[in-house]
Amino acid sequence: MDPNPKSYPLLSYVMSRFPSIGPTSKLLSTPRFDHAFDLEQPPPIHDPSAPSSSTNPPQIADQMPQLSHPNVLAFMTHAVSDVAQTRSILQTLGPRPDHESVDMARSKLAEIESSLSKSMEELVLSPRPMELDRVEWRARLADEEQQIRQQVDKEKSIYKSILQLDEMHEAYGKLLKEAEERLVKIYEKAGKVAENSEVVEEDNVNVDVVGVLEEAQGRGLQRVDLSARKLRLLPGAFGKITGLLFLNLSSNQLEVIPDSIAGLEKLEELNLSSNLLESLPDSIGLLQNLKILDVSGNKLNALPDTICHCRSLIELDVSFNSLSYLPTNLGNELGNLQGLSIHLNKIRSLPTSIGEMTSLRFLDAHFNELSGLPDEIGRLTNLEILNLSSNFSDLRELPDTLGELTNLKELDLSNNQIQALPDTFGRLEKLTKLKLQQNPLVIPPLEIVNLGVDAVKTFMAKRWLDILVEKERKCMLEVNEQAQTGWLTRSASWLKNYVSVVGESVSGYLGAAGGSPRDPYLDEQR
């Protein structure tokens, strides 16, 4: 929830000076602001000589030495007070819900609205009882409608709160970005940092693009490579090269991909890596023949849901972006995917639909914010390489279904907070490479880990066997107890029947001895 020093260096530095955020013993005193605030002469802070917070890297102060000036820092602190207030509110409300929870909330609200419309329709069409006149009937309908709406509002409240919390976190993210930009402008306006001037050299990118388009008109192009050409704009006319199979636009300065890219209906490989893209067009979902898509090294905050329609995808690389989630239905649609690279993002959870990617062989999710894996991960029975390293303090445990990845050969769990491997870990018979460094492991113990992957598998397999034996022992005890209880019950029943039969025999015998003849009706076969 705190601004990332790497993404928002100035904001992180300034917010660490707030007494309510950083350690009070190492913070600058809170500046006092008058109602009339002068940008050119901002009020000073009380203690400009106080040391900086230890939680922030000293490099920024070295790179921007004027930050230590009391006037500059005082004005900056005032400028981000809204960020501090919003952060405090969000700390109270809790973490941001994951994308799947948000999608579920939207779906539930739609269901509730649909159900409400149906209930209202049934209410309006319901026949009026003969004993009620029209006025009374309308009053009753109004009461029933109010009750239904109150119940619906109650049902909707929990899902609305999820969406509202998500929207607040989304707004907070935008607020951080805007605050960082404000601080940069303040620093520059104060005249404390020399403005970096960019020398934009003339290039022949336009000539290259025009040449490609002209060549496409003359003959059917299948491959176009415009990588590293300082290209800032992709003309919409590119969508008319309908025979194109391969397009490489990597290492340029593209900020937008035109919707007309959907015209490349035969395209099989698209490389958009290392650009300045903040989003992908929804029309990308129309590339039905696309097999390889690389959008790594951009500024993507989300993937369009339509990417799920690229059902021919075999390899998808969205690494090194700012993604916090993946589309909910990604796995349901991309059943042919064999390689998925999502590392170096901010992804907090994987969608449960990932279990439908039964063709997946390679999954790299290192350097994210994963707090765990869905149980459905165990359905990826063709997975051979799994990298979950460097999710740091977020990843603490793994599901038992991990043991169902029977074809797994390489597993990297280093730099996490995992204390115990799943009990089923010993079932990973094909595992040959395993990294467990920088984890507070207790199970298996460190001495076993140091012996290598085979020792770990053997230890976990024996542990699993011991668990199964113990379960079997407890089960047998329960069976024996039930059997013993059943034997006593059956013995008592047998004894009761025996006593009854003996009693009848004795009674008959005594009756015969007394000279009273037996009733022949009693001896009849029944």
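Bear in mind these aren't lab numbers, they're just calculated from the coordinates by the rules spelled out. These numbers come from a predicted model, not from an experiment. With ideal geometry, Cβ positions are generated from the backbone for all residues, glycine too; neighbour counts draw on all protein chains shown.
Over region 211-463, what relative contact order in percent results from Cα pairs under 8 Å that are six or more residues apart?
It rounds to 9 percent for region 211-463.
Taking the Cα centre of each part, how many Å lie between region 368-407 and region 85-162?
38
I'd like to compare 81-92, 257-268: which one has the highest average count of other Cβ atoms within 10 Å, and what's the full order after that? Mind showing how you got there, number by number?
Numbers: 81-92: 13.9, 257-268: 18.5.
My ranking of the peptides, most packed first, is 257-268, 81-92.
Per the Kirkwood treatment, what hydrodynamic radius in Å, one decimal, follows for region 211-463 from the mean inverse distance over all distinct Cα pairs?
19.4
For a protection proxy built on the mean count of beta-carbon atoms within 10 angstrom, sort 411-418, 431-438 highest first, please. Mind dumping the intermediate values first?
On the way: 411-418: 21.4, 431-438: 16.4.
Highest to lowest by the protection proxy: 411-418, 431-438.
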